[in-house]
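Q: Dumping the structure here so I can ask a few things about it.
What follows is calculated from the coordinates using simple rules that are stated; it is not laboratory data. Source: prediction; values computed, not measured. Here the Cβ is made from the backbone with ideal geometry for all residues, glycine too, and neighbour counts use every protein chain on show.
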Amino acid sequence: MEVQVAAAKVNKYAVSESGDSLEVVERPHGGLSVVLADGQSSGRGAKAVSLMVVRKVIGLLAEGVRDGAAARAASDKLFAERGGKVSSTLNIASLDLVTRTLVLARNNPAPVYVASGDRVDRLEAPSQPIGIYRNTKPAISEVPIEAGLTVVFFTDGLVHAGSRRGTPMDVGFSLEALLEEEDPSAVEIADALLAEAVRLDQGRPADDCSVVVLRVLHGDGDNVRRLNVRLPFESV
């Protein structure tokens with residue numbers, strides 16, 4: 001088998017810097033973790049917060065610290081530095097090759113979607129952002145790694161897309177429609193969900209928006225690990 005990981009991000013309209021931060025780190029005993037944080041508000045201040053959070057988390061994960069403990073440590077650090085006045089959402093998805101499971105830690109009111117076969121489930125246990133209270137714990141779920149598994153998580157820019165115009169995005173419906181097509185890749189799913197959000201905001205995203213997709217497929221190629229990144233920017 002092989003795991004595909006894809007992410008698609010866009011800034012809030014007319015804001016030069018996204019308040020969302022994303023990092024990927026290899027785990028000490030095999031596998032990898034994807035960490036996504038959304039700092040409160042938008043722009044440079046939010047970016048500083050989300051960067052601090054993801055760097056704290058990936059540093060601990062790289063040392064072998066468990067996901068839940070890493071999330072709590074990031075929350076404690078943000079609380080200590082900002083006095084409980086600044087928050088950040090946090091999602092951690094870890095492919096654990098020792099347990100052969102995908103561990104999902106969520107400090108984010110937005111749900112995580114888990115699809116397998118024809119079924120799409122919403123993981124939406126009560127969860128709050130980090131940094132506001134002491135001893136904030138993530139909601140943690142664990143699902144077996146199996147071919148056909150698809151996991152989607154995102155920042156709130158996705159679920160709020162279209163809300164100001166009375167046409168909020170139905171992420172679950174959009175994901176089901178995509179999975180009905182002929183075996184879409186993780187990249188295709190991430191791109192399609194983000195494109196739908198931008199369309200609902202009429203090309204002017206009302207908030208920073210990031211989507212992460214993990215797909216487990218039957219592997220029939222080589223054993224080479226690959227990472228592709230695309231970063232558009234304005235020329236001087």
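Q: For every other residue with a beta carbon closer than 12 angstrom to the beta carbon of H218, add +1 if it is Lys or Arg and -1 if Asp or Glu, then tell me the sum.
A: Working: positive: R215; negative: E2, E146, D183, D220.
That works out to -3.
Q: Against the empirical 2.2 N^0.38 Å scaling, what ratio does the C-alpha Rg of segment 110-236 come to? Don't jump to the answer; show the numbers that get you there.
A: Details: Rg = 16.5 Å, N = 127, 2.2 N^0.38 = 13.9 Å.
Scaled against compact globular proteins, the figure is 1.19.
Q: Using the Cα centre of segment 126-218 as origin and beta-carbon charges of +1 (Lys, Arg) and -1 (Asp, Glu), tell me which of I145, S163, N135 is placed farthest towards the positive end of the dipole.
A: So the residue furthest toward the plus end is N135.
Q: D220 versus A147, label points 7 Å from Cα toward the beta carbon: distance in nm?
A: It works out to 0.9 nm between the two label points.
Q: Can you classify segment 22-161 as rounded, prolate or oblate using the Cα gyration tensor, where a ≥ b ≥ c are the square roots of its eigenvalues, rounded means a/c under 1.5, and otherwise it's prolate if a/b beats b/c and oblate if not?
A: oblate
Q: Would you mind pulling out the separation of the Cα centroids of segment 26-100 and segment 182-197, in Å?
A: 25 Å
Q: Take the Cβ-Cβ distance between R199 and V15 as r, set R0 to 22 Å, and report the resulting FRET efficiency rounded to the nearest 0.05.
A: On the way: r = 19 Å, r/R0 = 0.87.
Approximately 0.70, to the nearest 0.05.
Q: Could you grab the relative contact order for the chain? Cα pairs under 8 Å, six or more apart, rounded to a whole percent.
A: Numbers: 514 pairs, mean separation 58.4, N = 236.
In percent, rounded to a whole number, it is 25.
Q: Sticking with this structure for a sec: Where in the chain are the DSSP H helices whose alpha-carbon span along the long axis reaches 18 Å or more and whose Kyte-Doolittle mean is at least 0.0? Display every interim value, and only then the final one.
A: Details: long enough: 44-62 (27 Å, 1.14); 67-82 (22 Å, -0.45); 186-200 (21 Å, 1.22).
Result, helices passing both filters: 44-62, 186-200.
Q: Among the lysines in the chain, how many pairs, 8 or more places apart or on different chains, have alpha carbons under 21 Å apart?
A: Step by step, the pairs that qualify in the chain add up to 11.
Q: Output the relative contact order of segment 1-95, whole-number percent, from Cα pairs under 8 angstrom with separation of 6+ residues.
A: Numbers: 153 pairs, mean separation 27.1, N = 95.
Here the relative contact order equals 29 percent.
Q: Give the residue from V3, P109, L193 lying farthest towards the positive end of the charge dipole for the chain; charges sit on Cβ (+1 for Lys and Arg, -1 for Asp and Glu) and the dipole is referred to the Cα centre.
A: Sorting the options by dipole projection puts first P109.
Q: Could you run the Karplus curve 6.51 cos²θ - 1.76 cosθ + 1.60 with θ = phi - 60° over segment 19-26 and give me ³J(HN,Hα) per residue in whole Hz, x for Gly and Pro?
A: Calculated HN-Hα couplings, in order: x, 9, 10, 9, 9, 10, 9, 6 Hz.
Q: Something else: Could you work out how far apart the two model spin labels at A62 and V229 are, taking each label as a point 7 Å from the Cα in the direction of the beta carbon, and quote it in nm?
A: Going from the A62 label point to the V229 one covers 1.3 nm.
Q: Below 8 Å between Cα atoms, with a sequence gap of 6+, how large is the relative contact order for segment 55-153 in percent?
A: Relative contact order, segment 55-153: 31 percent.
Q: log10 I(q)/I(0), Debye, Cα-only segment 1-102, no solvent, q = 0.17, 0.19 Å⁻¹?
A: -0.77, -0.91
Q: Give me the one-decimal nm value for the distance between modelled label points at R44 and E26, 7 Å along each residue's Cα-to-Cβ direction.
A: 3.6 nm
Q: Is the shape of segment 190-236 rounded, prolate or oblate, going by the alpha carbon gyration tensor and its root eigenvalues a ≥ b ≥ c, with a/c under 1.5 for rounded and a/b larger than b/c for prolate?
A: Details: a/c = 3.72, a/b = 1.70, b/c = 2.19.
Verdict is oblate for segment 190-236.
Q: Give me the orientation-averaged projected area of the Cα convex hull of the chain, in nm², one decimal.
A: Numbers: hull surface 53.9 nm².
Computing the convex hull of the Cα atoms and averaging its projections yields 13.5 nm².
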